[in-house]
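Undergrad: Handing you a structure now.
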Protein chains: 2
Amino acid sequence: MKNRRHKEILEIITQYDIGTQTELANLLRMRNFQITQATVSRDIKELGLVKSTDSNGNHKYVLPMDSSSGRELTRLERVIMDTVTEVDSTENLVLVKTLPGSANLLASLLDHSGWLEMMGTIAGDDTMLIIVKDKDNVPLICERIQKKMG
Amino acid sequence: MKNRRHKEILEIITQYDIGTQTELANLLRMRNFQITQATVSRDIKELGLVKSTDSNGNHKYVLPMDSSSGRELTRLERVIMDTVTEVDSTENLVLVKTLPGSANLLASLLDHSGWLEMMGTIAGDDTMLIIVKDKDNVPLICERIQKKMG
DNA sequence: CTATTTGCTGAATAATTATGCATGCATATG
DNA sequence: CATATGCATGCATAATTATTCAGCAAATAG
């Protein structure tokens, strides 16, 4: 039941400060996983856990922030996350509301984003319109933006 | 000499895949740092480096994304990072060039940033001016922005 | 100037982690 | 059924890393 154990490991390391694999193996054994340090070593490798040094100089296993997301956010993604407040649509138009002053920036980024479904954008101060070629793609575009809004 | 070495270590690990401390120590010795694995162990601790497992199952030392900054970036910081291209100053004015269309957004964020040294901002399309109360504070403001530019 | 403190380091070694090999189990294959 | 294949695992141990102890040099205090 490796999977069950992996979940347990993630819970344990968020709850306790685990400094060594033996320590973790012991906690797991208390929770009825009958395993050894060798297995923990493999689990840690598979989970992508990492032994980091905290501010007090102590070592501790953690799941690195960026291993869950896997990659850097692009500029477009960051700007969407930071400025978009609302997404709506009618027919072949997507209407995006942003914080004041941001709509032009966002439009400019989208124009260069390579999203082929778009014919173009128009932006005011806090509102932007995306004109979509085929209205079947409107939900796709909306979803793409909404997923990045956080 | 430790500081110089730390910089070198960061350069090395971004350039090569370093799997062990001995490996790193050898590279450093080739570069005229006369040190041993013990010192590398301490350096790694101080730098906050972390031995992570890549997708091929190989181990490798890296500087975790989030340990350098230690915290989430604010919206202001992200926007500066994403849009500012140039910072200059004369007298009590700081002139900030941005990517086209971003200056207003940036100005608006700065207006609400609580940077007390500023009297106010004026923004065009890709240029923003910060009016600083006391011209002694101009270098401070410039530096603050430049540090966030990446 | 001498003593003391502080920081950095290597050597040796303790502590920890990764792995080669063997085993058991489950499932596919002939 | 007999055999093969693929995991997951423990054991033993190799490989790697962290630390203890001692030395040394520079800075600081007396």
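Undergrad: Need one number: buried accessible surface between chains A and B, 1.4 Å probe, both sides summed, DNA, RNA and ligands left out, in Å² to 100.
TA: 1900
Undergrad: Further, regarding this structure: Can you list residues whose amide H is under 5 Å from B:Ser113's amide H, if they're 5+ apart or on another chain and H is modeled 1.01 Å from N?
TA: Under 5 Å from the amide H of B:Ser113: no residue qualifies.
Undergrad: Between B:Gly48, B:Gly120, B:Gly57, which gets the highest mean-square fluctuation from a Gaussian network model of chain B, Cα cutoff 10 Å?
TA: In the Gaussian network model the winner is B:Gly57.
Undergrad: Here's a follow-up. Please give the per residue accessible area of chain A, computed with a probe of 1.4 Å over protein heavy atoms only, in Å².
TA: For chain A, the solvent-accessible area averages 57 Å² per residue.
Undergrad: Which whole-number value in Å³ per residue fits the convex hull of the alpha carbons of the protein assembly as shown?
TA: Hull volume over Cα atoms, normalised by residue count, gives 191 Å³.
Undergrad: Towards the positive end of the charge dipole of the range B:75-148, with charges on Cβ (+1 Lys, Arg; -1 Asp, Glu), say which of B:Ser89, B:Gln146, B:Thr127 has the farthest Cα.
TA: Checking the options against the dipole of the range B:75-148, the answer is B:Gln146.
Undergrad: When all protein chains stay in place, what accessible area (Å², nearest 10, 1.4 Å probe) is found for B:Ser89?
TA: Solvent-accessible area, nearest 10 Å²: 50 Å².
Undergrad: Tally up the carbon and sulfur contribution to the accessible surface of chain A as a whole percent, 1.4 Å probe, everything protein left in place.
TA: C and S atoms contribute 50 percent here.
Undergrad: Which residues, if any, in the range B:41-59 lose at least 30 square angstrom of accessible heavy-atom surface (probe 1.4 Å) when the other protein chains sit next to their chain rather than the chain being alone?
TA: Relative to the lone chain, where solvent access is computed with a 1.4 Å probe, the range B:41-59 loses at least 30 Å² at B:Lys45, B:Val50, B:Thr53.
Undergrad: Once ligands and nucleic acids are excluded and a 1.4 Å probe is used, how much of B:His112 is accessible, expressed in Å² to the nearest 10?
TA: So the heavy atoms of B:His112 present about 150 Å² to solvent.
Undergrad: Moving on to the next point. If you take the charge dipole of the protein assembly as shown about its Cα centre, with +1 on Lys and Arg Cβ and -1 on Asp and Glu Cβ, which of B:Leu76, B:Gln34, A:Pro64 is farthest toward its positive end?
TA: Towards the positive end, the residue furthest out is B:Gln34.
Undergrad: Here is a further query. At 1.4 Å probe size, what's the solvent-accessible area of B:Tyr16? Round to the nearest 10 Å².
TA: Around 100 Å² of this residue is reachable by solvent.
The values are calculated or read from the model by the stated rules, or taken from the named source; none is laboratory data. Only a predicted model underlies this, so the values are computations on that prediction, with no experimental measurement involved. Cβ sites come from the backbone with ideal geometry, for glycine too, and all protein chains shown count toward neighbours. Only protein heavy atoms, including side chains, enter the accessible area calculation; ligands, DNA and RNA are left aside. Shrake-Rupley method; radii C 1.70, N 1.55, O 1.52, S 1.80 Å.
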